[in-house]
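Each remark here refers to the structure printed beneath this line.
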Amino acid sequence: MNLSYILLIPFVPLAVFLVLGIFNQKIKPAVSGYVGVAGLAISTLLSYYTAFQYFFVHGKADGVYQTFVDKFIWMHFTESLHIDMGYLIDPISVMMMVVVSTVSLMVNIYSRGYMKGDDGYTRFFAYLSLFTFSMFGLVLATNLFQIYIFWELVGVSSFLLIGYYYTKTSAIAAAKKAFIVTRFADFGFLIGIFIMGYYTGTFDFQELTNPEGVVILNWASTSFMGLSVITWALILIFMGGAGKSAMFPLHIWLPDAMEGPTPVSALIHAATMVVAGVYLVARLFPMFYLVEGGFALQIVAYVGAFSSLFAAIIAITQTDIKRVLAFSTMSQLGYMMMALGVSGFEGHEGVGYMASMFHLFTHAMFKALLFLGAGSVIHAVHSNYLKDMGGLRKYMPVTNITFLIAALAIAGVPPLAGFWSKDEILVAAYENSQFIYYIGVFVAGLTAFYMFRIYFGIFWGKDTKYEHTPHESPSSMTLPLLILAFLTLIAGFVPFSELVTADKTGFEAHLNLPLAAIAVGVGLIGIILAWIFYKKENDLATRFASAFGVFYKWTSHKFYFDEIYFFMARKVFFKSVAAPIAFFDKKFVDGTMEGIGNKTVLVSRKIKAIQSGKVQDYAFGFVAGVVIIAFVFIYIWTN
């Protein structure tokens, strides 16, 4: 398979970033928008070409999808331990290139209308291209250290875009929060990489994930606290993935990340930063599954299941539509992690792995559509809050129908994309853990309810008296909505089980009608309840909120996790750890240095009179010196 062009996919966005960044003040805003779109269009076409060539022409040999690698040694440590740079092409990296390029292109096209007139228009497109380049580099990585390099570059890109409105205090705080919280998670990731490299002697993905390789077969050679060191390394690596994918308890940065422009939210939540954690676990899945009976994978499953439920409950009470969608993303990412955690490895046993990647693929389409639809609404009414919306279907027909398609998809209504991938996740959970299965079904009902809560609240509900009559967004914004809506309609029909599987062999998936009926029924119940509560203006929601009392208050305040972390940081970490260190630094380290400096100044003041510049003082000094030396010699001579 000829892949000589493959590096163009990440490097075209990098070139766009450099051109727009360096010539920021010289390029006209309208031109920078076209440059950004053109760059992503090239990467998208190459990604689709690669997918076609890989999946349908040259990628398969003897019934197994092959792995194509091209790399060079960048840093050499030992004969076997070195850091390489290059690219790795296999089913999940090809799938991710399609996802990243598609959503990024739609976001770039959409941003031409959404960001029109903004003072930092060119800078914004430069940042978008940097973000896309970083994610391409991450998904093409051949080893743990290469993925970590681009992992951090994704973090930097998110910091720049979340804090894009740098004159806005809340945006700066949100950018710092996202950066700091993910730094704690990434510290665990880095330690996991070091442990993995030290004990296995390699960072290379092909060697680490070979089911019959020496790395996995010899995993039990060293243990710590009852677990092998490789299991500990996998848990720490998952910690990094949990931070990026906003899993509990490292989720607190995600809602505040909505301070960035809405196209940024779509890019972060659908195709770049938050899906990186799921991709990381999938990339190392053979190790997670085979090492020590899959203990680390069980942690992935339960963290994913709890995060999914936790976020769905919070989403029900949020009043900012972007924050509802943010917690929805956390919940759906929990679904993906849960699916990986309950998966087997070979054939039909690996349905969870396939379902997770399938849901990542379909979720990217309808979640990007939801965020861009929300952006279209915000663009029209200049508010993020449900209280300022209502009856917009009359003014924004395109946004209304496309948002409805996305809401039906995430609610799992057939035959839309979300139905197929969610059904496969629930099948995998049912076959592995009844407890996790019931959590998944309950979350499906909650998802349908909170999504149609905001749908009815935005497009139906009260007939809001707007100060300015809302209008449909320009074609540069509605075109991506229509394309993503079309993809949401057809994405579920992709034969994913034949293309992306844990063992790369493919299998034929079948619809489990009883489980599908249960999931669809629960989803429809959620939609019907939302219809009753929110389609027409009434006080049912207020009465139910009052009935739940303290629990509703806790839920609306996101269970006070921000306050808990703030207390821990200010009262515990700063006061008990940082303050004593600062005291020691100021009084002892700085005090010692300042003391030495002060003594030096004092001595210099005492002796500087010697250098007076007066000839008589120097003559006196000379004569006095001669006399003293003479007396010393006489004393020595006589004794």
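The values are calculated or read from the model by the stated rules, or taken from the named source; none is laboratory data. Source: prediction; values computed, not measured. As a convention, Cβ positions derive from the backbone with ideal geometry for all residues, glycine included, and neighbour counts pool all protein chains shown.
Per the listing Phe507, Phe533, the residue uniquely surrounded by 10 or more Cβ atoms within 10 Å (Cβ to Cβ), within 36 Å of the chain's Cα centre (by Cα), part of a loop (DSSP other than H, G, I, E, B) and assigned by TED's automatic domain parsing to the domain that holds Arg393 is Phe507.
Being part of a helix (DSSP H, G or I), in contact with a His (Cβ under 7 Å, 6 or more places away or on another chain), in the same structural domain as Ala271 (by TED's automatic domain parsing) and among the aromatic types (Phe, Trp, Tyr): is that true of Phe371 here? Break it down into steps so the answer makes sense when it comes.
Values: part of a helix (DSSP H, G or I): yes; in contact with a His (Cβ under 7 Å, 6 or more places away or on another chain): yes; in the same structural domain as Ala271 (by TED's automatic domain parsing): yes; among the aromatic types (Phe, Trp, Tyr): yes.
Spelling it out, Phe371 is indeed part of a helix (DSSP H, G or I), in contact with a His (Cβ under 7 Å, 6 or more places away or on another chain), in the same structural domain as Ala271 (by TED's automatic domain parsing) and among the aromatic types (Phe, Trp, Tyr).
Summed over the range 37-95, residues that are acidic (Asp, Glu), surrounded by 15 or more Cβ atoms within 10 Å (Cβ to Cβ) and over 28 Å from the mean Cα position of the chain (by Cα) total 0.
Here's the yes/no breakdown for (1) part of a helix (DSSP H, G or I); (2) out of contact with any Ser or Thr (no Cβ under 7 Å at 6 or more places or on another chain); (3) within 18 Å of Phe310 (Cα to Cα); (4) at pLDDT 80 or above:
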{"position": "Phe548", "(1), (2), (3), (4)": "yes, yes, yes, yes"}
{"position": "Phe551", "(1), (2), (3), (4)": "yes, yes, yes, yes"}
{"position": "Trp554", "(1), (2), (3), (4)": "yes, yes, yes, yes"}
{"position": "Glu563", "(1), (2), (3), (4)": "yes, yes, yes, yes"}
{"position": "Lys571", "(1), (2), (3), (4)": "yes, yes, no, no"}
{"position": "Ala578", "(1), (2), (3), (4)": "yes, yes, no, no"}
{"position": "Ile581", "(1), (2), (3), (4)": "yes, yes, no, yes"}
{"position": "Lys586", "(1), (2), (3), (4)": "yes, yes, no, yes"}
{"position": "Val589", "(1), (2), (3), (4)": "yes, yes, no, yes"}
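Answer yes if at least one residue in the range 586-606 is touching a residue at least 40 places away in the same chain (Cβ under 8 Å), outside the structural domain of Phe310 (by TED's automatic domain parsing) and either under 30 Å from Ile313 (Cα atoms) or of a type in the set (Phe, Trp, Tyr) (or both), and no otherwise. Checking the range 586-606: not a single residue is touching a residue at least 40 places away in the same chain (Cβ under 8 Å), outside the structural domain of Phe310 (by TED's automatic domain parsing) and either under 30 Å from Ile313 (Cα atoms) or of a type in the set (Phe, Trp, Tyr) (or both).
Which residues, taken from the range 412-444, are closer than 18 Å to Leu513 by Cβ and of a type in the set (Val, Ile, Thr)? Give the steps one after another, and end with the answer.
Kept after step one, since they are closer than 18 Å to Leu513 by Cβ, are these residues of the range 412-444: 412-416, 418-431, 437, 440-441, 444.
Val413, Ile425, Val427, Val441 - these are the residues of the range 412-444 that are closer than 18 Å to Leu513 by Cβ and of a type in the set (Val, Ile, Thr).
Rundown of residues vs (1) under 30 Å from Arg112 (Cα atoms); (2) modelled with pLDDT of 85 or more; (3) of a type in the set (D, E, K, R); (4) touching a Leu at 6+ places or on another chain (Cβ under 7 Å), yes/no style:
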{"residue": "Leu208", "(1), (2), (3), (4)": "no, yes, no, yes"}
{"residue": "Gly213", "(1), (2), (3), (4)": "no, no, no, no"}
{"residue": "Trp219", "(1), (2), (3), (4)": "no, no, no, no"}
{"residue": "Thr231", "(1), (2), (3), (4)": "no, yes, no, no"}
{"residue": "Gly241", "(1), (2), (3), (4)": "no, yes, no, yes"}
{"residue": "Trp253", "(1), (2), (3), (4)": "yes, yes, no, no"}
{"residue": "Ile268", "(1), (2), (3), (4)": "yes, yes, no, no"}
{"residue": "Tyr279", "(1), (2), (3), (4)": "yes, yes, no, no"}
{"residue": "Tyr289", "(1), (2), (3), (4)": "no, yes, no, yes"}
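Looking only at the range 526-579, count how many residues are farther than 30 Å from Val441 by Cβ and of a type in the set (Lys, Arg). Within the range 526-579, residues that are farther than 30 Å from Val441 by Cβ and of a type in the set (Lys, Arg) number 3. Can you find, within the range 340-359, the residue that is nearest to Glu431 (Cα to Cα) among those that are under 19 Å from the mean Cα position of the chain (by Cα) and among the aliphatic types (A, V, I, L, M)? Here the answer is Leu340. Checked against the criterion of being over 14 Å from Gly523 (Cβ atoms), among the charged types (D, E, K, R) and touching a Phe, Trp or Tyr at 6+ places or on another chain (Cβ under 9 Å), the candidates Glu467, Glu431 yield just one match: Glu431.
Does Lys26 count as assigned by TED's automatic domain parsing to the domain that holds Phe361, modelled with pLDDT under 95 and in a loop (DSSP other than H, G, I, E, B)? In short, yes. If I ask for residues that are assigned to a loop (DSSP other than H, G, I, E, B) and closer than 24 Å to Gly373 by Cβ, which ones from the range 222-254 would you list? Residues satisfying the conditions are Ser245, Ala246, His251. When the range 38-65 is filtered for residues that are free of Cβ contacts under 8 Å to residues at least 40 places away in the same chain and more than 18 Å from Pro495 (Cβ to Cβ), the ones remaining, listed by number, are Ala38, Ile42, Leu45, Tyr49, Ala61, Asp62.
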